[in-house]
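Step one of this worksheet: look at the structure below.
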Amino acid sequence: MIDEKVKKEILKNALKNAYDYGSAKDGTVISKVLFEFPELRSSMAELKAEVSKTVSLINGMDRTEVEEKYGIYKAGFDDAERKKAEGSKPKFIADGAMVGSFKTRFPPAPNGYMHIGHAKIAFLEQRLAEEYKGRLVLYFDDTDPENERQEFVDAFKRDLDWLGIRFDDEYYASDNIDKMYGYAAAAIRSGDAYVCTCSRERMKEGRMNSKECEHRANSAEKNIELWNAMLDGSLGESAVLRLKGDMKSLNTVMRDPTLFRIKSQAHYRQGSRYKVWPTYDFNTPIMDSMMGITDTLRSKEYELRDELYFRILDMLGLRKPRIHSVARLEIKGNITSKRKLNAMVKEGLISGYDDPRLVTIAGLRNRGIEASAIKEFALRFGMSKAESVMDIEMLLSYNRKLIDRQAKRLFAVEEPADLSVEGFERRKVRLRLHPSEDMGYREYELAGRFLIDKADASSLKEGEGIRLKEAVSAKVLSVSQGTVKCAESGGEPDGSLKTMQWVDAGAALRCKFIMLGNLVNDSDEFNNHSIEEHEGYVEGYAAHLEDGERVQLERKGFFRFRKGPALSFISL
């Protein structure tokens, strides 16, 4: 039975859905109502009809009207969400960690730009350092001269600062290479490491077939001699130092992994001082132990490498930090692979690492995403190890809620149709820049000529009453080839008129609406429709907007404004 109580529940959930996402959807509203009234499952046809009617009504409202009507229920929803959040806060617990004796590090390799996956780890580490009253340090794992650059170090620092992540200290792996050489020599002397001059293909084949390398049989003295030859450059570039692991281990990581390799390129920080560089697997555990790190966070994908991490430390008799694994953050329809992004830049498919379609921090900032929205999004998963691929819409939703009270409201139209009002007396109108916040007004002197969306124009019928929002009520006289002629009808609107937004033809500014979508499709191939430009007009007040300012174009959504030769609005 669809009584008044049920109708109210339908209305308030439809309003919330439209308020949060720009329009209401039948399925979402039905699921919310059934949660409150499960007995309605036996009256689904009646429920669907009532929901469809209400959703259609609300989706016909403009944004201001939705906000106004939702305001009646907003406090109740906010209170319910607050209680739910309090009861389901993600847990930030690092097993074994002790309050007052905690130190962790954020360890980027400066071979690309920071992305949202990095941000998740950094925010989690920051939160744990706060929870355990400990220290957070910035550690650049920079032992790959071929791919690392100062540009990326600077970019990471800039992005971390923008995100509001502060560090107690900073250090670089490349400043400690001499110490790494000492540990390498110790591992060779103890018989735990050997120099191998096999080709890369032969090493790979041996690992796959669990076959030991012939160089394992060399004595420690011979390996020290070969190691010194690696260091002085007399051994060429094919030699590597390998751990004497277990070639029959089910964990393939332990099948004699590489500890050092020769790279002759100049290093961005150390120049040509070194030619032999440690791998991540050798360098990281030693640096963590040396620098007093008590707890490390790593993406779950590294779990197989934990055995090697602890083997290195046991071999060298070094203190062992605790490792905490968390799920990697993946965004549906996007990529963070440096190799793939570099290829897209070279092909001209994206403009760079700050392209607003990307989930790099630079790209998200360029799009208009708040740092606090990224933080809230990243921390919502807590220390969970459950793998999942998230939709970027969740991040955008967080962001819209944050900027809602800051964003000025403007009218804009795509594919405009001309609308003229006969009998219109020239007048001034004063429109609020925000329905609830005190942001002032924009004013226009109207002459009876307007631009409206072509889609709105095509829906009009002769004799129909319409309301140009906050401007004039009129009766449609004719609709022909994208031109609408009306006569002013006078009087106050009674709520029955079709309401539409408009742009004053005399003050309209030409602009572009840049709509962003997923960067790649389900097959991980570039989406040719990931960015689309639409021509249109925005009201004249847009000339007063600041470059980068976030606004809401009514009935279109939130956008970031860009000044330039052509005014443009990038979708949020």
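The values are calculated or read from the model by the stated rules, or taken from the named source; none is laboratory data. Being a predicted model, the structure only gives us computed values, none of them experimental. Backbone-built Cβ (ideal geometry, glycine too); neighbour counts: all protein chains shown.
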Checklist entry - So is GLY117 loosely packed, with under 12 Cβ neighbours inside 10 Å and either over 24 Å from the mean Cα position of the chain (by Cα) or not assigned by TED's automatic domain parsing to the domain that holds LYS469 (or both) or not? => result no
### Message
With the structure loaded, tell me whether LYS332 is under 23 Å from the mean Cα position of the chain (by Cα), closer than 26 Å to ALA129 by Cβ, of a type in the set (Lys, Arg) and surrounded by fewer than 18 Cβ atoms within 10 Å (Cβ to Cβ) or whether it fails that test.
### Response
no
Within segment 151-191, of all residues that are within 28 Å of the chain's Cα centre (by Cα) and within 23 Å of PHE282 (Cα to Cα), the one surrounded by the most Cβ atoms within 10 Å (Cβ to Cβ) is PHE152
> Is it the case that some residue within segment 468-490 is among the acidic types (Asp, Glu), surrounded by 17 or more Cβ atoms within 10 Å (Cβ to Cβ) and either in contact with a Lys or Arg (Cβ under 7 Å, 6 or more places away or on another chain) or closer than 30 Å to GLY423 by Cβ (or both)?
Replying inline: no
Reported set for segment 409-463 where residues are of a type in the set (Gly, Ala, Ser) and over 14 Å from LEU553 (Cβ atoms) is ALA417, SER420, GLY423, SER436, GLY440, ALA447, GLY448, ALA455, ALA457, SER458, SER459, GLY463
Requiring at least 1 residues that are in contact with a helix residue (DSSP H, G or I) (Cβ under 9 Å, 6 or more places away or on another chain), aliphatic (A, V, I, L, M) and within 29 Å of ASN147 (Cα to Cα), the helices (runs of 4 or more DSSP H) wholly within segment 336-385 are 361-367, 371-379
Note: among LYS16, LYS69, LYS74, LYS32, just one is within 22 Å of ASP456 (Cβ to Cβ) and assigned to a helix (DSSP H, G or I), namely LYS69
Note: among ASP288, ASP314, just one is over 26 Å from the mean Cα position of the chain (by Cα) and surrounded by fewer than 20 Cβ atoms within 10 Å (Cβ to Cβ), namely ASP314
Conditions (1) surrounded by fewer than 13 Cβ atoms within 10 Å (Cβ to Cβ); (2) at pLDDT below 95 -> LEU235 fails only (1)
Selection from segment 220-260 of residues within 39 Å of the chain's Cα centre (by Cα) and assigned to a loop (DSSP other than H, G, I, E, B) yields SER249, LEU250, ASN251, ARG255, ASP256, PRO257
When segment 34-68 is checked residue by residue, the ones that are buried (at least 18 other Cβ atoms within 10 Å of the Cβ) and at pLDDT 85 or above are LEU47, GLU50, VAL51, THR54, VAL55, ILE58
Checked segment 506-521 for anything surrounded by fewer than 15 Cβ atoms within 10 Å (Cβ to Cβ) and either in contact with an Asp or Glu (Cβ under 6 Å, 6 or more places away or on another chain) or farther than 16 Å from ARG357 by Cα (or both); matches are GLY506, ARG510
Checked segment 133-156 for anything touching an Asp or Glu at 6+ places or on another chain (Cβ under 9 Å) and either over 22 Å from ARG298 (Cβ atoms) or basic (Lys, Arg) (or both); matches are ARG135
